[in-house]
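Coordinate-derived values only; no laboratory data. Predicted model, so just to flag it, every value in this text is computed and none were measured. In this analysis, Cβ positions are derived from the backbone assuming ideal geometry, glycine residues included, and neighbour counts consider all displayed protein chains.
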Amino acid sequence: MTSEHKIQNDIRVALSKHQCTVFRVNVGSVKTPDGRFFSAGVPSGHPDLYGFRWSDHQVFYIEVKNEKGKPRADQIRFHEMLTKREIIHGVARSTEDAVKIVSDGLVGYGFKDYGDK
């Protein structure tokens, strides 16, 4: 089974070759000197990759999953928010999925079985 990390890196390269700028999202918890933790990064459920097409500056979001991966509840909520605003996004399990989502301007690709109403 291919790791999500490898799929994500392959997608970044593929979308860059298709005239897109792509950013990888970094998240995590940081321990402060006094022992408290705080979360750094984007809101819960934010997709793994985001970027824009050079041709029209249209923004897109890509949630990367391997063959068996399923979106979490917070990722489905984020998808529902993006869908309401008709923002290009979807679940990509391959470079082909990601290129299709971005090139065709798809909204919610791959989320059909995970909470669409």
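Points worth noting:
- Some residue of the stretch 87-95 being polar (S, T, N, Q), touching a strand residue (DSSP E or B) at 6+ places or on another chain (Cβ under 8 Å) and assigned to a loop (DSSP other than H, G, I, E, B): no
- The sole residue among Ser103, Ser55, Ser94 that is among the hydroxyl-bearing types (Ser, Thr, Tyr) and farther than 24 Å from His5 by Cβ is Ser55.
- Given (1) under 19 Å from Glu4 (Cα atoms); (2) surrounded by fewer than 13 Cβ atoms within 10 Å (Cβ to Cβ), number of the condition Lys84 does not satisfy: (1)
- Selection of the stretch 14-25 for residues being free of Cβ contacts under 8 Å to residues at least 40 places away in the same chain and over 12 Å from the mean Cα position of the chain (by Cα) yields Ser16, Lys17, Gln19, Thr21.
- For Ser55: the one exception among (1) in contact (Cβ under 8 Å) with a residue 24 or more places away in the chain; (2) over 17 Å from Ala14 (Cβ atoms): (2)
- Gly108 crowded, with 17+ Cβ neighbours inside 10 Å, in a loop (DSSP other than H, G, I, E, B), within 15 Å of the chain's Cα centre (by Cα) and on the phi > 0 side of the Ramachandran plot: no
- Residue count for the stretch 70-85, restricted to those that are without any contact (Cβ under 8 Å) to a residue 12 or more places away in the chain and within 13 Å of Pro43 (Cβ to Cβ): 1
- The residues listed here are Phe23, Phe78; of these, the one that is among the aromatic types (Phe, Trp, Tyr) and over 17 Å from Gly108 (Cα atoms) is Phe23.
- Qualifying residue in the stretch 63-83 (condition: in a strand (DSSP E or B) and not β-branched (Val, Ile, Thr)): yes
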